[in-house]
Amino acid sequence: MLRVIELLGRYIMSFAEELGRILFLLYSTLKQMVLLPFEIRNTFKQMLEVGIRSLPVVLITAIFTGMVFALQTFTGFKRFGAEALVGTVVALSMTRELGPVLTGLIVAGRAGAAMAAELGTMRVTEQIDALETLATNPIKYLIVPRFVAGIFMLPALTIVADIIGIIGGYLITVGLFEVSSTLYWKRTWDYLEVSDIYNGLVKSGFFGASIAIISCYKGFYTSGGAEGVGKATTGAVVLSSMTILVSDYFLSAWLFK
Amino acid sequence: MIEIINLHKSFGKKHVLRGVNLKVERGESMVVIGGSGSGKSVLIKHIIGILKPDEGKVLIDGIDIATLKENELYEVRKKFGMLFQMSALFDSLSVWENVGFALMRHKKMNEKEVRPLAIEKLKLVGLVGVEDLMPSELSGGMKKRVGLARAIAHEPEILLYDEPTTGIDPILADAINELIIEMKQHLSVTSIAITHDMNSAYKIADRIAMLYEGSIIETGTPDEIKNTQNPVVKQFITGSASGPIKIEGVHYERTLNRT
C-alpha cells in the first residue's frame, strides 16, 4: 500500500514538474515573441511546414469524415424520418468538433512529431548550444516561429477541414441518397451560427499553441542521443494528442455554453 | 582575459567541478586536458555562459558572466567563437549560411553582403567550392573546417575548441592543429581548447592545464607538462592504464567477471 502511494506521489510530482517546465517555456516564448527583431523568415518556413504541408492529409481526412458522417447519420435519421437534417448535423459536428479536433490530431502527428524530432536532434548534436554561442536565443530562433505557425495555421487548416467536410457530407447526402441539394444547403445554413465556426476556430488556435509548445518542449529538453530523440518524438505526439482531447472537453463546455 | 575562480558544478548527486581555478591571459593558447567524463565540456560551457556555476565565478575581461542579464550575456558572447566536437553545423542551412550566421544576425548584413565574406572565411580554412552544399554532404573533416570558419566569421576575441581533433584521422587532426595555430597567429585571439589528444595539446598550447577529479591539478608549458613529476599527470600524458587514475566502471566490471 505504502509503495502504491509512493509511486503515485512520484508520478504526481514528475507531472507537476513537467507542467511547470512547459509553462515556463511558454512564458519565455511569449516574452521572446514580442521582442524585436521578428523571425519573419523562419516563421514563414514553419507556417509552410505546419500549414501547407499538412494540407493534403487534412483534406483527405476531412472529406472522408464528412462522407462517413453523412452516411451514418442518414441511415440513423431515416429511422425517424429526419433525413433532411443530415446537412445540419454534418455542419455542426464539423465546425464545432471534428474540424478542430481532427486537424489538431493530424498536425500533432505530423508537424508536432517533426518539431520534437528536429529540435531533439539539434539538442543532441549541440546545434542548440551552437546557437547560444553565436549569441542567438534558441527560444526566439527556434520555438517562437513554430509557436506562431501553430497558432495561425491550425485555425486556417480547420476552416479548410470544415468546408471540405461539409462538401463530403453533401456528396453523400445529395449524390448517393438523392436528398435535394437546395434542402441540404438550406438545412446547413438554417441552423449553423457564426459562433459555431468562430468557437471552433478558437479551440483550434488553442490546440495549435498546445501542440507547438509541447512538441518544442519535448524536443528542446531531449537528452540521451538517438534514443532520446525517439522518446521525445513519441512523447510529443502522445502528450499533444492527450492535451487536445482533454482540453477539447473543457473548452467546449466553456465556449459552447 | 579569462579568469575562473573556485568553480563548482553538480548535476544531481554528481559533483563534476569541485573548485576549478584557471587564468588565461589575453592572446594565450590554453589547452585543458583530462579524461573522458572529467568535466572538460562542463568547464568550457561555463566559460561561454551556457551553464551557470553553483559556486564560484567566471570572469571575462573582469565581468562575472553569471550575474549578467540575458541580453548582456548575449553581448558578451559576441566576443566568442566556438568549435564543437561534432561541429554542430545547422543542418537546415547551407555551408555559407552556417558560416555567415552571426554576420547576418548581428551585423545586420544581407545575404549578398555576407556570402562573399563567408566564402572568404571558408578559403581561410582551406575550403573552396563547398559554399552551396548542405552540411550532410560534407565529410567529418570538412565539417570541422566549416565549424571553424563559422566560429571565426564574426572575428571573435576568444576561440573555444571542444575536442577539435576527436573523431578524425591523424592527418586531418594535424591539419586542424595547424589551422588552430594559424588562427592564433593571424587573428591574435585568446583560445581555450579541451582535449585528451596529447599530440594536439603539445602542438597548439602555450600552456596546458590538467583537469582531474573536478579541479585543475597542474598547469605548465608543454615542456613542463612533459617533464612532470605528478603521477596522475604522468599517467595521463603517457596514456597508461595502470596508475593512480581510476578508470570509471572497469573495477566494477572486473569484480563482476570474477564472481
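The values are calculated or read from the model by the stated rules, or taken from the named source; none is laboratory data. None of the values given here were measured: they were computed from a predicted structure. Note that we place each Cβ from the backbone using ideal geometry, even for glycine, and neighbour counts take in every protein chain shown. All accessible areas refer to the heavy atoms of the entire protein, side chains included, with ligands and DNA or RNA removed. Shrake-Rupley method; radii C 1.70, N 1.55, O 1.52, S 1.80 Å.
Computed values, structure above
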| item | result |
| --- | --- |
| Residue in region B:38-49 that is more than 14 Å from chain A (Cβ to nearest Cβ), open to solvent by 30 Å² or more (accessible area, probe 1.4 Å) and in contact (Cβ under 8 Å) with a residue 24 or more places away in the chain present | no |
| One residue from A:182, A:121 being more than 14 Å from every other protein chain (Cβ to nearest Cβ), in a helix (DSSP H, G or I) and β-branched (Val, Ile, Thr) | A:182 |
| Criterion (touching a residue at least 60 places away in the same chain (Cβ under 8 Å), open to solvent by 60 Å² or more (accessible area, probe 1.4 Å) and within 17 Å of the chain's Cα centre (by Cα)) met by exactly one of B:167, B:147 | B:167 |
| Residue that is most open to solvent (accessible area, probe 1.4 Å), among those in region A:223-257 that are of a type in the set (Ser, Thr, Tyr) and at pLDDT 90 or above | A:249 |
| Among the residues listed as A:65, A:61, A:75, A:43, the single one being open to solvent by 60 Å² or more (accessible area, probe 1.4 Å) and assigned to a helix (DSSP H, G or I) | A:75 |
| First in region B:89-116 and small (Gly, Ala, Ser), second anywhere and open to solvent by 70 Å² or more (accessible area, probe 1.4 Å), Cβ under 6 Å, 6 or more apart | B:94/B:132 |
| Strands (runs of 3 or more DSSP E) completely within region B:1-57 that count 2 or more residues being farther than 23 Å from residue B:234 by Cα | B:2-11, B:14-24 |
| Options A:131, A:157: the member that is over 19 Å from residue A:29 (Cβ atoms) and either hydrophobic (A, V, I, L, M, F, W, C) or touching a residue at least 12 places away in the same chain (Cβ under 8 Å) (or both) | A:157 |
| Selected residue [more than 12 Å from every other protein chain (Cβ to nearest Cβ), within 20 Å of residue B:30 (Cβ to Cβ), surrounded by fewer than 21 Cβ atoms within 10 Å (Cβ to Cβ) and among the small types (Gly, Ala, Ser)] from B:62, B:126 | B:62 |
| Candidate set: region B:72-97, residues that are in a helix (DSSP H, G or I) and more than 9 Å from chain A (Cβ to nearest Cβ); chosen: the one surrounded by the most Cβ atoms within 10 Å (Cβ to Cβ) | B:95 |
| Lone unmet requirement of (1) within 14 Å of chain B (Cβ to nearest Cβ); (2) within 16 Å of the chain's Cα centre (by Cα); (3) β-branched (Val, Ile, Thr) for residue A:148 | (1) |
| Residue pairs meeting the criteria (Cβ under 6 Å; at least 6 apart or on separate chains; first closer than 16 Å to residue B:211 by Cα, in region B:233-246; second not in a helix (DSSP H, G or I)) | B:233/B:210; B:233/B:218; B:234/B:228; B:235/B:243; B:235/B:245 |
| Number of the exception - residue B:78 against (1) without any contact (Cβ under 8 Å) to a residue 12 or more places away in the chain; (2) under 20 Å from the mean Cα position of the chain (by Cα) | (1) |
| Selection from region B:108-120 of residues that are open to solvent by less than 80 Å² (accessible area, probe 1.4 Å) and modelled with pLDDT of 85 or more | B:114, B:115, B:116, B:117, B:118, B:119 |
| Qualifying position, being assigned to a helix (DSSP H, G or I) and within 14 Å of chain B (Cβ to nearest Cβ), among A:161, A:130, A:135 | A:130 |
